[in-house]
Amino acid sequence: MSISVFSLSALAADEKREEDGKWLTPDDTITYNVKADGAVDWYTYNGFRRYHSECHVCHGPDGMGSTYAPALIDSIKNLDYYDFAEVVMSGRERKLADGSVSVMPAFGDNKNVSCYGEDIYAYLLARADGAIERGRPRKRDAKPEGAKETESACH
């Protein structure tokens, strides 16, 4: 496992803070945390779970892309959380240089995505930064109370 020192989104431990298991940047945007033993924070782990239940069908396993949709581990490098959320929740249609049209459907009504968009973002950010390898994270933090409350409120 290697972490890119050139990544704009990778933050040193002292540049982010934890609130009830959720890791945040100085501007209060969700991010990830990976401990020295490889354990990921609960929200990043949950992002893995939610991504693979909804997003990997088009965007490929582990955010690597497919012949159908782009690699999100590349796309996420150019999207802050708010732009990511806008595309995921509202959808997007773009005309490509070759004249074809790229369509991302809206997932704002899908609770498995809309309730956990931050988690999916944290997971993809960790993948894009090379902070976590492909596949299910082997270790994770326990589920915080805030995550339990979100689950209850969302279903």
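The values are calculated or read from the model by the stated rules, or taken from the named source; none is laboratory data. These numbers come from a predicted model, not from an experiment. Neighbour counts run over all protein chains shown; Cβ positions are idealised from the backbone, glycine included. Accessible surface areas use protein heavy atoms only, side chains included; no ligands, DNA or RNA. Shrake-Rupley method; radii C 1.70, N 1.55, O 1.52, S 1.80 Å.
Look at region 33-58 and say how many of its residues are open to solvent by less than 20 Å² (accessible area, probe 1.4 Å) and either in contact with a Gly (Cβ under 8 Å, 6 or more places away or on another chain) or of a type in the set (A, V, I, L, M) (or both).
6
Could you list all residues from region 36-68 that are part of a loop (DSSP other than H, G, I, E, B) and either in contact (Cβ under 8 Å) with a residue 40 or more places away in the chain or touching a strand residue (DSSP E or B) at 6+ places or on another chain (Cβ under 6 Å) (or both)?
Scanning region 36-68 gives D37, G38, A39, D41, M64.
Mind listing whichever residues of region 7-28 are at pLDDT 65 or above, within 17 Å of Y121 (Cβ to Cβ), touching a helix residue (DSSP H, G or I) at 6+ places or on another chain (Cβ under 6 Å) and in a loop (DSSP other than H, G, I, E, B)?
G21
Output the number of residues of region 102-128 satisfying the condition of being among the charged types (D, E, K, R) and touching a Leu at 6+ places or on another chain (Cβ under 9 Å).
Residues of region 102-128 among the charged types (D, E, K, R): 109, 111, 118-119, 127.
Remaining after also requiring touching a Leu at 6+ places or on another chain (Cβ under 9 Å): 127.
Total satisfying the criteria: 1.
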